[in-house]
Amino acid sequence: MSDSENFDPLGSSKKYEAQERKFPRGVVIRLFAYLIAGHIFAAFLYLLFAVAGKG
């Protein structure tokens, strides 16, 4: 077998593979913010309907 058969054109290394598994920091922050904002909005709607249902 020659070396050309095992040649990886992307040159994958362990550093690259470790980076590939992580999400970018901006995506994580945005996802966290959307989750918090979504839960706050859902709590507001729940409170709104709970108060309106008693009256």
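The values are calculated or read from the model by the stated rules, or taken from the named source; none is laboratory data. What you are looking at is a predicted structure, and each value in this text was computed from that prediction instead of being measured. The protein model used for the area step is the full one, side chains on, heavy atoms only, and it has no ligands, DNA or RNA in it. Shrake-Rupley method; radii C 1.70, N 1.55, O 1.52, S 1.80 Å.
Can you give the extra length, in nm with one decimal, that the chain gains between PHE32 and ASN6 once fully stretched, where that is 0.36 nm per residue apart less the Cα-Cα distance?
In short, 5.2 nm is gained.
Using a 1.4 Å probe and counting only protein heavy atoms, arrange ARG25, ARG30 so the residue with the most accessible area comes first.
Reading off the accessible areas and sorting them downward yields ARG25, ARG30.
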